[in-house]
Amino acid sequence: MNNIDTKRISRLTAILTQLQSKRILTSTTLAEKFDVSVRTIYRDVKVLERAGVPIYMKDGKGYSLMDGYRIPPVMFTEDEANALITIEQVVMKSSDSSLITAYSGAINKIKAVLSYSTKDKVELLENRIAVSPAIPNAITSNSLTVIQNALTSFKVLDITYKSASKNEITKRSIEPFALYYTLQENWSLIAYCRLRQDYRMFNLDKIITVTQINTSFKPHELTLASYLKDKEKNFRYP
């Protein structure tokens, strides 16, 4: 097999991976990512279609895989596996127990598809990485995954919140917008508060209870970049 064939096979595999990880991808985006022409992407997609991969044009905007189609487990490279194992040690120091549980489940599935030689090296690396004990390992919240699900599903959350500034407990209905990780290694939720009728930042360790309710909200037009820029000028407590 010549070098051109090898490059194309690698690109076809990478395109499949991209299609499975994204809901929709344009030919222009793929061409830029793989540094080829749009015409080349057209030809690659035709090859994949002839091979039986159910690719279709979604809303005339870009390519998408048929719902329910799954590609067999991807074999991670050694560098990719090492990166994930390194991040695992940091995640284990997270202040949110739900994130730790979810990541542990995901990393175990990833380890299951590694080749035997990579597994041996990953196990060695796991035993050679340590996070400074100066970084606290105190669990302060257990709501991050619930909030993430509500954020991506555009579902309202009912929370009981203890305000740090006023030392009062209030019940709120909020529309989750974004998550923010501070230098103090704590998670905060940026959300539209229906009580205050404005965006507020809620520290996860101050959320006493959180429940996702069956009420949807329209996606926010505000961008995270514009919110953070405004926050620098006018910080507002919940």
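Structure above, values below:
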quantity	calculated
Neighbours by Cβ (under 7 Å, 6+ apart or cross-chain): first from segment 146-159, surrounded by 14 or more Cβ atoms within 10 Å (Cβ to Cβ); second assigned to a loop (DSSP other than H, G, I, E, B)	154/217; 154/219; 156/217
Of residues in segment 210-236 being among the aromatic types (Phe, Trp, Tyr) and surrounded by 10 or more Cβ atoms within 10 Å (Cβ to Cβ), the one modelled with the highest pLDDT	217
Cβ-Cβ under 7 Å pairs, at least 6 apart or on other chains, segment 210-238 side under 19 Å from residue 182 (Cβ atoms) and in a strand (DSSP E or B), far side at pLDDT 85 or above and among the acidic types (Asp, Glu)	none
Some residue of segment 108-115 being over 29 Å from residue 143 (Cα atoms) and loosely packed, with under 15 Cβ neighbours inside 10 Å	yes
Condition met for residue 124 (within 23 Å of residue 180 (Cα to Cα) and part of a helix (DSSP H, G or I))	no
Residue check, residue 94 outside any helix (DSSP H, G or I) and within 26 Å of residue 186 (Cα to Cα)	yes
Residues located in segment 127-152, provided they are in a helix (DSSP H, G or I) and within 16 Å of residue 181 (Cα to Cα)	144, 145, 147, 148, 151
Qualifying residue in segment 194-204 (condition: within 18 Å of residue 96 (Cα to Cα), in contact (Cβ under 8 Å) with a residue 60 or more places away in the chain and aliphatic (A, V, I, L, M))	yes
Residue 163 open to solvent by less than 50 Å² (accessible area, probe 1.4 Å) and more than 24 Å from the chain's Cα centre (by Cα)	yes
Pick from segment 178-208, criterion open to solvent by 20 Å² or more (accessible area, probe 1.4 Å), modelled with pLDDT under 95 and among the aromatic types (Phe, Trp, Tyr), ranking: farthest from the chain's Cα centre (by Cα)	199
Residue ID - nearest to residue 179 (Cα to Cα), chosen from residues in segment 80-91 that are of a type outside the set (Val, Ile, Thr) and under 17 Å from the mean Cα position of the chain (by Cα)	88
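The values are calculated or read from the model by the stated rules, or taken from the named source; none is laboratory data. Here the structure is a predicted model, which is why all the values come from computation and not from measurement. Every residue, glycine as well, gets a Cβ built from its backbone with ideal geometry; the counts of neighbours run over all protein chains shown. Side chains included, ligands, DNA and RNA excluded: accessible areas come from the protein's heavy atoms. Shrake-Rupley method; radii C 1.70, N 1.55, O 1.52, S 1.80 Å.
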